[in-house]
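See structure below.
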Amino acid sequence: MYDRVKKQVPPGGKELCTNSAPMPKMTLTVEQMADELNISRPTAYSLVKQEGFPALTIGHRVLVNRAGLQRWLDSKSGIQTSDDT
């Protein structure tokens, strides 16, 4: 009556979890941030240069901390988080 989904078992013997969503990356490139915020690349690059913005440079790459970006956006929009209370 119902088709059963076969569970994939790798050589190690443990079953893979097939129903969970992929975990989001902890950091974004400036281009990814611009795309997610629907802003231009030049605007995104000017944001990462601002003091207090959650960006870090590793080598020549500029990365934006995803959780820090959300907190930064909340602070700029006046939204209080549970950490603020």
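Structure values in brief
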{"quantity": "Pairs, first surrounded by 14 or more Cβ atoms within 10 Å (Cβ to Cβ) in the range 59-85, second modelled with pLDDT of 95 or more and in a loop (DSSP other than H, G, I, E, B), C-beta under 6 Å, six or more apart", "calculated": "Asn65/Pro54; Gly68/Pro54; Leu69/Pro54; Trp72/Pro54"}
{"quantity": "The range 30-52 residues that are free of Cβ contacts under 8 Å to residues at least 24 places away in the same chain, paired with ones that are part of a loop (DSSP other than H, G, I, E, B) (beta carbon under 6 Å, 6 or more apart)", "calculated": "Leu47/Phe53"}
{"quantity": "Residues within the range 27-43 that are surrounded by 15 or more Cβ atoms within 10 Å (Cβ to Cβ) and not in a helix (DSSP H, G or I), tallied", "calculated": "2"}
{"quantity": "Residues satisfying the stated conditions in the range 44-76, i.e. more than 10 Å from Val30 (Cβ to Cβ) and part of a strand (DSSP E or B)", "calculated": "Leu56, Thr57, Ile58, Asn65"}
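The values are calculated or read from the model by the stated rules, or taken from the named source; none is laboratory data. Since we're looking at a predicted model, the values are computed, not measured. When we count neighbours, we look across all protein chains shown, and the Cβ atoms used for this are built from the backbone with ideal geometry, even at glycine.
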